[in-house]
Amino acid sequence: MAHSLYFIGGGNMVTAIIAAVRRKADQYPVDHIYVEEISQARIDALKADYGVEAATPESVPDVDIVLIGVRPQDDVAGVAASVAKRFDPARTTVVSIVAGYTIDKLEDSLGKDFRLVRIIPNTLTTVDYGYSGAALNAKASRDDVDDFLNTFGKVLYVEERLIDVITGFYPPNIVYHFIDAYVDAGVLAGLPRDIARAIALDTLIGGTEFLKQRDVLPQVLLNINNSPGGVGITQAYTLNKTGFAAAIQSAVLAAVERTTALGANAK
């Protein structure tokens, strides 16, 4: 059975989700994708690329899922109240991807009759990676959204208190920062940049795959590789001395705190 989807907001994350849905048409067929977006340029691009149908705040199509994809600083409460007036809770499940905006806050405007799912997708959905934490309200169940959510990345159903932690923990930016520094280190040591980049990417991907295959904690492989007086233990000592681990941990904690603050300041 084909589905119908309604997106409020047409930004980068919504675009990534729509692209994933279209790629997974065999596993999740969709008849209609409606997008409500204030930018005509965005609507035109989404029409051209993914065949979406333009919608307005007055549109009332019969849909399976309404996804709220506006920014936290936008009028999220107003959007939720508009959804409550236009859609039937017996028919439609509401999904929110608004960072930091809790289920309780959404229900204040949406009401408690809707099946409501809060999820913060990972940008790696475009390459079929990226875990996203999803929390359900009292009305919702996994069956209501699982097929849809699994079109973009991987889903972890968790208590809502962990959503902000996962959101702050998963952004791949920290990996990009590491690769950027790693490539620069190769250049500093004398490698041409293209060679340093190729080695850095291959080492990162290969090391990750090896770790997954062995199914052990990183410390196990570090202990194997760090022979007495060798290259590995020298590198470990230097990283520890320069605060490498603390810098990564501080960056993750700061990202989690920022995610929570965005929700606290949301309208």
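The values are calculated or read from the model by the stated rules, or taken from the named source; none is laboratory data. As the structure is a computational prediction, the values presented were derived from the model and not from experiment. Cβ coordinates were reconstructed from backbone atoms using ideal geometry, including for glycine residues, and neighbour counts include every protein chain displayed. Areas reflect the complete protein model, heavy atoms only, side chains present, ligands, DNA and RNA absent. Shrake-Rupley method; radii C 1.70, N 1.55, O 1.52, S 1.80 Å.
Ligands, DNA and RNA aside, Val79 has an accessible area near 30 Å² when probed at 1.4 Å. Dipole size of the stretch 145-241 about its Cα centre, with +1 on Lys/Arg Cβ and -1 on Asp/Glu Cβ: approximately 440 debye, rounded to the nearest 20.
Using a Gaussian network model of the chain in which every pair of alpha carbons under 10 angstrom is joined by a spring, one finds that among Tyr170, Tyr50, Tyr131 the greatest mean-square fluctuation is at Tyr50.
Over the C-alpha trace of the stretch 83-215, radius of gyration and Dmax come out as 19.9, 64 angstrom. Normalised per residue, the accessible area of the stretch 217-267 is 74 Å², obtained with a 1.4 Å probe and no contribution from ligands, DNA or RNA. With contacts taken as Cα pairs under 8 Å at a separation of at least 6 residues, the stretch 4-130 carries a relative contact order of 26 percent.
Mean residue ellipticity at 222 nm from the helices of the chain, using -39,500 (n - 2.57) per DSSP H segment of n ≥ 4 over the full residue count, to the nearest 500 deg cm²/dmol?
Details: 11 runs with 136 residues, N = 267.
After summing the helix terms and dividing by residue count, I get -16000 deg cm²/dmol.
As a fraction of the 1.4 Å probe accessible area of the chain, surface on carbon and sulfur atoms comes out at 57 percent. Each 5 Å bin from 0 upward holds the following percent of the Cα-Cα pairs of the stretch 182-267: 3, 11, 11, 17, 22, 16, 9, 6, 4, 2, 1, 0. The Rg/Rh ratio for the stretch 42-126, using Cα coordinates for both the radius of gyration and the Kirkwood hydrodynamic radius, is 0.96. Computed with a 1.4 Å probe over protein heavy atoms only, the accessible surface of the stretch 41-128 comes to 42 Å² per residue. Looking at the stretch 1-90, what % of the alpha carbon pairs are farther apart than 17 Å? Of the Cα pairs, 46 percent sit more than 17 Å apart.
Among residues other than Val35 whose Cβ falls under 12 Å from its Cβ, what is the net charge (Lys/Arg +1, Asp/Glu -1)? My count for the surroundings of Val35 gives -3. Pairs of Lys residues in the chain are counted when their Cα atoms are under 16 angstrom apart and they lie 8 or more places apart or on different chains; the count is 5. Look at [x] 1.03; [y] 1.05; [z] 0.96: the one that is Rg/Rh (Cα atoms, Kirkwood Rh) derived from this structure is [y]. Convex hull volume of the C-alpha atoms in the stretch 179-227, normalised per residue: 82 Å³. Relative intensity of the stretch 78-118 on a log10 scale, I(q)/I(0) at q = 0.35 Å⁻¹, equals -1.47, per a Debye sum over C-alpha point scatterers of equal strength in the absence of solvent.
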